[in-house]
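Peer 1: Dropping a structure here in structure tokens format, bear with me for questions.
The values are calculated or read from the model by the stated rules, or taken from the named source; none is laboratory data. Just so it is clear, the model here is predicted, and its values are computed rather than measured. Every residue, glycine among them, receives a Cβ derived from its backbone with ideal geometry; neighbour counts consider all protein chains shown. These area figures cover heavy atoms from the full protein model, side chains too; ligands, DNA and RNA do not enter into them. Shrake-Rupley method; radii C 1.70, N 1.55, O 1.52, S 1.80 Å.
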Amino acid sequence: ALAAKIAGLGPKALGPVEQALTDDDANLVRAAAKTVALLQSRKSVAALLAALKRLETRSVLARNGNDPLMAVVSALAELKDGRAISPLQKLMENTAQDHSRRRAAYVALGAIGTPPALAPLWAFRASRQIATTRWEPQAYVPSLVYRVEEDVVNTDWPASIRERTSVSAADKSQTFTAALS
């Protein structure tokens, strides 16, 4: 909510927001990156790239999606600026980085979507391809056939979730539960 409130101030807030990208406080960096993305400020791409370079050298600061580098990468993806392609490609190819960071860079390049941004993705996929397994796009086919992937009793779920995710068969002999992730 902080990012949305700051973005409500408009472009006049960009000076302090860009300075916040260099802060040591992970929460402040995340809020600043989200603010830049909300304002769609392409002139802040240089500040985001500097923050990306600084954060790459640090270890993952917080698990569960709270790594400030992830917010910076997400902001770069939102802005779709070509200047981010090379740094994101380096991050994606850096095997010393955490998997979640590398994946975020991969997704951001796809979000940019220009041919120069997609070229490293195809090269990355080709270099990681296993000889016996080929990835090929599949046509989307709508289906009304439902299959049970795994039969699990989730009695430890809160009642509010169980009620929204369970469907009983007409004869009440079976209960099907769907879990979304």
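Peer 1: Any residue at all in region 15-22 that's open to solvent by less than 30 Å² (accessible area, probe 1.4 Å) and out of contact with any Leu (no Cβ under 7 Å at 6 or more places or on another chain)?
Peer 2: Yes; the residues of region 15-22 include at least one that is open to solvent by less than 30 Å² (accessible area, probe 1.4 Å) and out of contact with any Leu (no Cβ under 7 Å at 6 or more places or on another chain).
Peer 1: Follow-up. Answer yes or no: is there a residue in region 112-129 that is surrounded by fewer than 13 Cβ atoms within 10 Å (Cβ to Cβ) and modelled with pLDDT under 60.
Peer 2: There is at least one residue in region 112-129 that is surrounded by fewer than 13 Cβ atoms within 10 Å (Cβ to Cβ) and modelled with pLDDT under 60.
Peer 1: Further question: What about Ala50, is it within 23 Å of Leu118 (Cα to Cα) and either in a loop (DSSP other than H, G, I, E, B) or open to solvent by 20 Å² or more (accessible area, probe 1.4 Å) (or both)?
Peer 2: So Ala50 passes the test.
Peer 1: Test Lys80 against the stated conditions and say whether it is at pLDDT 85 or above, closer than 23 Å to Leu39 by Cβ and open to solvent by 90 Å² or more (accessible area, probe 1.4 Å).
Peer 2: yes
Peer 1: Here's another thing I want to ask about it. Taking only pairs six or more apart or across chains, which ones have beta-carbon atoms under 9 Å, a first residue in region 103-123 that is among the basic types (Lys, Arg), and a second residue that is open to solvent by less than 60 Å² (accessible area, probe 1.4 Å)?
Peer 2: Once the first residue is among the basic types (Lys, Arg) and sits in region 103-123, its partners that are open to solvent by less than 60 Å² (accessible area, probe 1.4 Å) give Arg103/Met92.
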